[in-house]
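Written out below as structure tokens is the structure these notes cover.
The values are calculated or read from the model by the stated rules, or taken from the named source; none is laboratory data. Because the structure is a prediction, the values reported are computed rather than measured. Cβ: placed from backbone, ideal geometry, glycine included. Neighbour counts: every protein chain shown.
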Amino acid sequence: MTRNILIVDDQPEIAELLKLYLEKEGFQIVEAYDGSQAIEILHKQQIDLLLVDLMMPIIDGYQLIKKVRETLELPIIIISAKNEDYDKILGLGLGADDFVQKPFNPLEVVARVQALLRRSYNYKNQKTNENDVSISRKKMVGELILDEDTFSIIRNNDVIALTKIEFNILELLMDKPGRVFTKQQIFEAAWNDYYIGGEEDNTINVHISKIREKIEENPKNPKYIKTIRGLGYKVERN
């Protein structure tokens, strides 16, 4: 199946470079040069992954990501020259799945695109039983129910929307309540990528914070996701 990738960048030479490498891998490429054009495209056709710059006219990358996340769960990779931790944390906090700094290696971008699409595809194609009836698989901790078939979490009968990375993290932690997972274990399981440290630590912290905002009554005093200083995180048995 051909995958459609939308590249949103106000520098045509960047979009063309990415298009060249991605088309070699069999992807169908659509281009937009500001966030407003991107929104129009997303309304008109199926897009499987979004590559987005942050600094653009009319509607910038931050606004675009926020708008997309209101209705869509497609993978989003930020590609930007803005390299301050604040920029990365804000972009990831708004719902992006990955961040690549300019100047970039096009082959690295291709690899990240393939990894994200592979995980997205797996979400949509779970195994069914011999009668083609989905087998409901749920993880329960306290008032939380993580449904692996619908990729949602339910708390007090309220369905809570999660990004793919947030779901991956919760799935890992809730699979073994009480067990402490290191940041390396969390990153490699949720992102399916190698852990180096530093930037990856910040990325994990941002996603844990966003998850707490969604599932905890008091995110500053979490009931479920506990920080184990110097080690990592765990989901408390409740």
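Checking the stretch 2-14 against the condition returns a match, with at least one residue being free of Cβ contacts under 8 Å to residues at least 12 places away in the same chain, farther than 26 Å from THR203 by Cα and either charged (D, E, K, R) or not assigned by TED's automatic domain parsing to the domain that holds SER209 (or both). For the stretch 2-13, the set of residues classified as of a type outside the set (Asp, Glu) and crowded, with 18+ Cβ neighbours inside 10 Å consists of ARG3, ILE5, LEU6, ILE7, VAL8, listed by residue number. For the stretch 40-49, the criterion of a residue being within 18 Å of ALA115 (Cβ to Cβ) and either touching a Pro at 6+ places or on another chain (Cβ under 6 Å) or assigned to a helix (DSSP H, G or I) (or both) is satisfied by at least one position. With respect to being surrounded by 13 or more Cβ atoms within 10 Å (Cβ to Cβ) and either in contact with an Asp or Glu (Cβ under 7 Å, 6 or more places away or on another chain) or among the polar types (S, T, N, Q) (or both), LEU94 falls outside the description. The test for being hydrophobic (A, V, I, L, M, F, W, C) and not in a strand (DSSP E or B) holds for LEU20. Return the residue satisfying two criteria in turn: it lies in the stretch 1-27 and is farther than 21 Å from ASP60 by Cα and polar (S, T, N, Q), and of such residues it is farthest from the chain's Cα centre (by Cα). Across the stretch 1-27, the extreme among qualifying residues is THR2.
Checking the conditions here, which among ILE29, ILE78 is within 20 Å of GLU199 (Cα to Cα) and surrounded by 15 or more Cβ atoms within 10 Å (Cβ to Cβ)? Quick ask: steps written out before the conclusion?
Numbers: ILE29 fails: within 20 Å of GLU199 (Cα to Cα).
Of ILE29, ILE78, the one residue that is within 20 Å of GLU199 (Cα to Cα) and surrounded by 15 or more Cβ atoms within 10 Å (Cβ to Cβ) is ILE78.
So, in the stretch 40-56, of the ones that are β-branched (Val, Ile, Thr) and buried (at least 18 other Cβ atoms within 10 Å of the Cβ), which residue ends up farthest from the chain's Cα centre (by Cα)? If we take residues in the stretch 40-56 being β-branched (Val, Ile, Thr) and buried (at least 18 other Cβ atoms within 10 Å of the Cβ), then ILE47 is farthest from the chain's Cα centre (by Cα).
When ILE39, ILE29 are checked against the criterion of being touching a Lys or Arg at 6+ places or on another chain (Cβ under 7 Å) and at pLDDT 95 or above, ILE29 stands alone in meeting it. Whether a residue is of a type in the set (Gly, Ala, Ser) and touching a strand residue (DSSP E or B) at 6+ places or on another chain (Cβ under 7 Å) was assessed, and GLY91 passes this test.
From the list LEU90, LEU107, LEU144, LEU117, pick out the single residue that is at pLDDT 85 or above and assigned by TED's automatic domain parsing to the domain that holds SER209. LEU144 is the lone residue from the list that is at pLDDT 85 or above and assigned by TED's automatic domain parsing to the domain that holds SER209.
Here ALA190 fits the description: out of contact with any strand residue (DSSP E or B) (no Cβ under 9 Å at 6 or more places or on another chain) and hydrophobic (A, V, I, L, M, F, W, C). When ASP158 is tested against (1) over 19 Å from the mean Cα position of the chain (by Cα); (2) under 17 Å from GLU216 (Cβ atoms); (3) modelled with pLDDT of 85 or more; (4) among the charged types (D, E, K, R), just one condition goes unmet, and that condition is (3). Is it the case that ASP85 is surrounded by fewer than 16 Cβ atoms within 10 Å (Cβ to Cβ), under 21 Å from THR203 (Cα atoms) and in contact (Cβ under 8 Å) with a residue 60 or more places away in the chain? Yes, satisfied.
Scan the stretch 57-66 and tell me whether some residue there is outside the structural domain of ASN205 (by TED's automatic domain parsing), aromatic (Phe, Trp, Tyr) and buried (at least 16 other Cβ atoms within 10 Å of the Cβ). Working first, answer last.
Step one: filter the stretch 57-66 for residues outside the structural domain of ASN205 (by TED's automatic domain parsing), giving 57-66.
With aromatic (Phe, Trp, Tyr) added as a condition, the list becomes 62.
Retained after the next criterion (residues that are buried (at least 16 other Cβ atoms within 10 Å of the Cβ)): 62.
Checking the stretch 57-66: at least one residue is outside the structural domain of ASN205 (by TED's automatic domain parsing), aromatic (Phe, Trp, Tyr) and buried (at least 16 other Cβ atoms within 10 Å of the Cβ).
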